[in-house]
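The values are calculated or read from the model by the stated rules, or taken from the named source; none is laboratory data. Everything numeric in this text was worked out from a predicted model, so none of it was measured. In this analysis, Cβ positions are derived from the backbone assuming ideal geometry, glycine residues included, and neighbour counts consider all displayed protein chains.
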Amino acid sequence: MSVSNRFSSVGIKGVHDWIGVLKTGVSMPNDFGHILWEHLQSNVNSLHRFSKTLFNSNSWEEYINEGLCPYCGKFDVGSPVQIRGDIFHKVELGKIAPDEDAKFHKHTTHKPKLYSQDESLNGLWIDWVYLINPESYALEVLKAVRSKGKQRIEIRNVFSMQNNYEYRSLGFFNLFREEPDWWKIRRKGLSLSGFYYKKYGEHVQSSENLSL
């Protein structure tokens, strides 16, 4: 049983740690990086207010849609969850409210937060993290990579051993300077993932187990 990285997080960086909210859908730097950068440019002089509004939301989607669920077109019903695949892809392609009666998706008003100290668990399913520092006016991009060892986790009442993860920084980008090369950041992140996969991958762990 394995867990694949499918999501990203947008968060606020503090002095020693960060807190983020979930972002579903496109998350690669070459897809989402420019969208986030443009949004931050329009809020660059009010990053503290941006931070507060973001964390009063259940997710990045609820924040950016100002409380509108794009799947059913209703306001203030919470963040969409358990979305059927074809409905999800219709919204990704730009269709508005393809599931007006909410038959194929649900909502949650729970405000889950992602914390930097939980990186080994978060890395199982949060592939990219975009951190805004309101004090230094900078955006930092993190990539989840494999780390040493395994962890025992519960998924739908089933316990399994999963790989440990950690986040590696791909750089800090000043919001008052030129927009980063998002394709370059993507390539750097995937290259790091490949390096740590080879270092701590299944074949390495298997050989270690054989030597015990």
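Scan (1) surrounded by 13 or more Cβ atoms within 10 Å (Cβ to Cβ); (2) touching a Phe, Trp or Tyr at 6+ places or on another chain (Cβ under 8 Å) for the single condition Tyr165 breaks and write down its number.
(2)
Given the criteria surrounded by 15 or more Cβ atoms within 10 Å (Cβ to Cβ), more than 29 Å from Met161 (Cα to Cα) and either among the hydroxyl-bearing types (Ser, Thr, Tyr) or in contact with a strand residue (DSSP E or B) (Cβ under 8 Å, 6 or more places away or on another chain) (or both), does Gly33 qualify?
The answer is yes for Gly33.
Which residue is surrounded by the fewest Cβ atoms within 10 Å (Cβ to Cβ), if the candidates are limited to the stretch 174-197 and must be closer than 18 Å to Ile126 by Cβ and hydrophobic (A, V, I, L, M, F, W, C)?
It comes out as Leu190.
Checking the condition among the small types (Gly, Ala, Ser), at pLDDT 90 or above and closer than 26 Å to Leu54 by Cβ, which residue from Gly194, Gly189, Gly123 passes?
Exactly one of Gly194, Gly189, Gly123 is among the small types (Gly, Ala, Ser), at pLDDT 90 or above and closer than 26 Å to Leu54 by Cβ, namely Gly189.
Here are some residues: Leu40, Leu93. Which one is surrounded by 14 or more Cβ atoms within 10 Å (Cβ to Cβ) and not acidic (Asp, Glu)?
The unique qualifying residue is Leu40.
Just give me the residues in the stretch 94-117 being touching a residue at least 40 places away in the same chain (Cβ under 8 Å) and either hydrophobic (A, V, I, L, M, F, W, C) or part of a strand (DSSP E or B) (or both), in sequence order.
Those that are touching a residue at least 40 places away in the same chain (Cβ under 8 Å) and either hydrophobic (A, V, I, L, M, F, W, C) or part of a strand (DSSP E or B) (or both): Thr108, Leu114, Tyr115.
Inside the stretch 51-68, can you point out the residues that are closer than 15 Å to Ser9 by Cα and part of a helix (DSSP H, G or I)?
Result: Ser51, Leu54, Phe55, Trp60, Glu61, Glu62, Tyr63, Ile64.
Are any residues in the stretch 74-103 among the charged types (D, E, K, R) and under 16 Å from Glu62 (Cβ atoms), and if so, which ones?
Lys74, Asp76, listed by residue number.
Which one is modelled with the highest pLDDT, of the residues in the stretch 75-93 that are in a loop (DSSP other than H, G, I, E, B) and of a type in the set (D, E, K, R)?
So, considering only residues that are in a loop (DSSP other than H, G, I, E, B) and of a type in the set (D, E, K, R), the one modelled with the highest pLDDT is Arg84.
Under the condition of being among the hydroxyl-bearing types (Ser, Thr, Tyr) and touching a helix residue (DSSP H, G or I) at 6+ places or on another chain (Cβ under 9 Å), which residue from the stretch 99-120 is modelled with the highest pLDDT?
So, considering only residues that are among the hydroxyl-bearing types (Ser, Thr, Tyr) and touching a helix residue (DSSP H, G or I) at 6+ places or on another chain (Cβ under 9 Å), the one modelled with the highest pLDDT is Ser116.
Filter the stretch 1-50 for residues that are part of a helix (DSSP H, G or I) and among the aromatic types (Phe, Trp, Tyr) and give the result.
Phe32, Trp37, Phe50
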